[in-house]
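Worksheet: the structure to be examined is printed underneath.
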2 protein chains.
Amino acid sequence: MQEDGSIVLAQIGVVRSPLSEKSDNVPFQSFNSEVEGTIEVDEEYEQGLDGIEGFSHLSIIYYLHRNRKSKLRTVPLLEKEERGIFGTRSPSRPNHLGVSTVRLLSRKGRVLRVKGVDMFDGTPVLDIKPYVPKVDLVQGVENKWLVDKLDKIDGMDKKQRESIQKHLREE
Amino acid sequence: MQEDGSIVLAQIGVVRSPLSEKSDNVPFQSFNSEVEGTIEVDEEYEQGLDGIEGFSHLSIIYYLHRNRKSKLRTVPLLEKEERGIFGTRSPSRPNHLGVSTVRLLSRKGRVLRVKGVDMFDGTPVLDIKPYVPKVDLVQGVENKWLVDKLDKIDGMDKKQRESIQKHLREE
């Protein structure tokens, strides 16, 4: 932490993914992604992966490096009215931090093969945590609008999905 | 992002919590915390909270400012052998990023009253995201050892819990 209150973090690795362009139909979220990729941890952090094979899912915290916008309000997916950015998953947020849960397929040295990727190729990785249902799975959650919306996306045809992708690209 | 690859983030707010000393029996994780506190978002980010009342739970991403150690291996809670830090939830991790899911009780302007706090008073907040079961709740998770361990903590008596708190304080 710096004197001016800013916080300096180091990249611990990088995401390698087939998603390299905004036109690549980037999944909306990792939960609906079947995309496979790798997390390549830098050599100096390799020891930190010891025993990680015991987990089926990992939470990846990363830096949304392709997004340079920082908004306080945005029109979320499938909505018409603006909302505050902290009530959305929009990447155009202050600090550009992303969190995705991926399935760990295998580990080879400092390279983790994972499924459920929704990050662009080259995304800087800041932390890896085991996904633990008892910690991360919260019961009794109520969301007035977002649950319905995500169900709606599941039921969409190709054209509708493409129009959403367009929205995401422009954000 | 800086030329040397480091990433500079701004504090968007602060956690106010009754937990101010390591002797305060800090909960192991937010899932077993009944502690109430507030998230005070800085004035310049207040607009980002518009509509956040529609969510019952929020994921808070924060900086573990009280921990100055950065280890690659650590002996996790209730374990005897060291593991890589990325297979644990230990705060002594590179980048010191923490994620907790809390229940939103109320909002008054830029102050969110929340329950399930496991952060120290004064913790710098970096991001707030809505907790969305469809996104964050992953099915079919297998954890070879951590699930058993957390069940074990639930069944512990006072003395056993105190010994764990001691372990956490020393980490």
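The values are calculated or read from the model by the stated rules, or taken from the named source; none is laboratory data. All values derive from a computational prediction rather than experimental measurement. We place every Cβ from the backbone using ideal geometry, glycine too, and count neighbours over all the protein chains shown. Accessible surface is based on the protein model in full, side chains and every heavy atom, while ligands, DNA and RNA are left aside. Shrake-Rupley method; radii C 1.70, N 1.55, O 1.52, S 1.80 Å.
Overview of values
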{"quantity": "Semi-axis lengths, Å, segment A:74-136, gyration tensor of Cα atoms, sqrt of 5 times eigenvalues", "calculated": "28, 14, 11"}
{"quantity": "Long-range amide H partners of A:Val35 with built H, under 5 Å", "calculated": "A:Gly116, A:Val117"}
{"quantity": "Amide H contacts of B:Leu105 (H built 1.01 Å from N, under 5 Å, at least 5 apart or other chain)", "calculated": "B:Arg113, B:Val114, B:Lys115"}
{"quantity": "Gain in span if fully extended, B:Glu44 to B:Ser6, counting 0.36 nm per residue against the direct Cα distance", "calculated": "11.2 nm"}
{"quantity": "For segment A:31-138: lysine pairs under 22 Å (alpha-carbon distance), excluding those fewer than 8 apart on one chain", "calculated": "5"}
{"quantity": "Interchain or long-range residues, amide H under 5 Å from B:Tyr131's placed H", "calculated": "B:His57, B:Leu58, B:Ser59"}
{"quantity": "Estimated distance in nm for a label pair at B:Ser106 and A:Arg68, the labels positioned 7 Å out from Cα along Cα-to-Cβ", "calculated": "4.4 nm"}
{"quantity": "Accessible area buried at the B-A interface, both sides summed, 1.4 Å probe (Å², nearest 100)", "calculated": "6600 Å²"}
{"quantity": "Per-selection Rg to Rh, segment A:48-106 - Cα, Kirkwood hydrodynamic radius", "calculated": "1.13"}
{"quantity": "Accessible area of A:Leu105 in the full protein assembly, 1.4 Å probe (Å², nearest 10)", "calculated": "80 Å²"}
